[in-house]
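Comments concern the structure below.
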Amino acid sequence: VPDRTSIPIDLLRRSEPGRMYLTEGFVTAGTANPSTTFPDTIYIQDATGGIAARGYSEHGLPLGARVRILGRLAEDVENPLLEILRLERLENNEPLSPEEAFCAVDFARRGGHLLAVEGQVTAVTGQGDALSRFTLEDVHGDTLDILVEEEE
């Protein structure tokens, strides 16, 4: 059983996988907007960092909702991921604005954050009739591949 004290997300991201942790944060990718909903996954951030949390698909969780999550820490393609055992919505939702960023995003520090990246689309990949991936190039010449996940 984890300590009942919520830990900051930056510490959670560096913690031991396989153990249970309690953390709080604001939703940066929820389930209220079908155009920006990931299958079975939400993202949260606090003042210290952000993280993906898998195992939540109930419709209606808005951007900026404050949540407390009890979950098991795992890794997904070298990125930390919290597997949700329990999610509790808290009071004090916060209107969130994206942080300005460039394509050379430091995912160890800013993964899971709500970011705004501006650039030119340099490549597009489709899967059938749907967009599946595109590449964005910023003013510094750095690129970022953006995956567009299909609903399951």
Summing -39500 (n - 2.57) over the DSSP H runs of n ≥ 4 in the chain and dividing by its residue number, what mean residue ellipticity at 222 nm do you reach, to the nearest 500 deg cm²/dmol?
-1000 deg cm²/dmol
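Whole number in Å², please: accessible area per residue of segment 56-152, 1.4 Å probe, ligands, DNA and RNA not counted.
Working: 6650 Å² over 97 residues.
Spelled out: the 1.4 Å probe surface of segment 56-152, per residue, equals 69 Å².
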Under the rule rounded for a/c under 1.5, else prolate if a/b exceeds b/c, else oblate, using alpha carbon gyration tensor axes a ≥ b ≥ c, segment 32-99 is classed as rounded
Take Leu147 and Ser57, extend 7 Å from each Cα along the Cα→Cβ direction, and tell me the distance between the two endpoints in nm.
1.7
Using a Förster radius of 25 Å, what is the FRET efficiency between Glu100 and Ser35 based on their Cβ-Cβ separation? Nearest 0.05, please.
0.70
In nm, to one decimal, how far is the modelled label at Glu118 from the one at Glu88, with both set 7 Å along Cα→Cβ?
4.2
Place +1 on the Cβ of every Lys and Arg and -1 on the Cβ of every Asp and Glu in the chain, take the dipole about the Cα centre, and give the residue among Leu22, Ser35, Pro95 whose Cα lies farthest towards its positive end.
Leu22
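Leaving ligands, DNA and RNA out of it, report the carbon-plus-sulfur percent of the accessible area of the chain at a 1.4 Å probe.
On the way: 4390 of 9360 Å².
After summing per-atom areas, the C and S share lands at 47 percent.
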Could you tell me the convex hull volume per residue, in Å³, taken over the Cα atoms of segment 86-152?
148
Taking the Cβ of Asp10 as the center, what net charge do the other residues with Cβ under 14 Å away carry, scoring Lys and Arg +1 and Asp and Glu -1?
+1
The answer for the net charge of residues other than Arg66 whose Cβ lies under 11 angstrom from its Cβ, with Lys and Arg +1 and Asp and Glu -1, is -3
Along principal axes, largest first, the alpha-carbon spread of segment 1-61 in whole Å comes out as 34, 23, 18
Segment 7-40 versus segment 90-145: alpha-carbon centroid distance in Å
17
At q = 0.10, 0.17 Å⁻¹, base-10 log of I(q)/I(0) for the chain (Debye sum, equal scatterers on each alpha carbon):
-0.37, -1.02
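The values are calculated or read from the model by the stated rules, or taken from the named source; none is laboratory data. Computed from a predicted model, the values in this text were never measured in an experiment. Ideal geometry is used to build each Cβ from the backbone, glycine not excepted, and the neighbour counts take in all protein chains shown. Remember, those area values only see protein heavy atoms, side chains included, never the ligands or the DNA or RNA. Shrake-Rupley method; radii C 1.70, N 1.55, O 1.52, S 1.80 Å.
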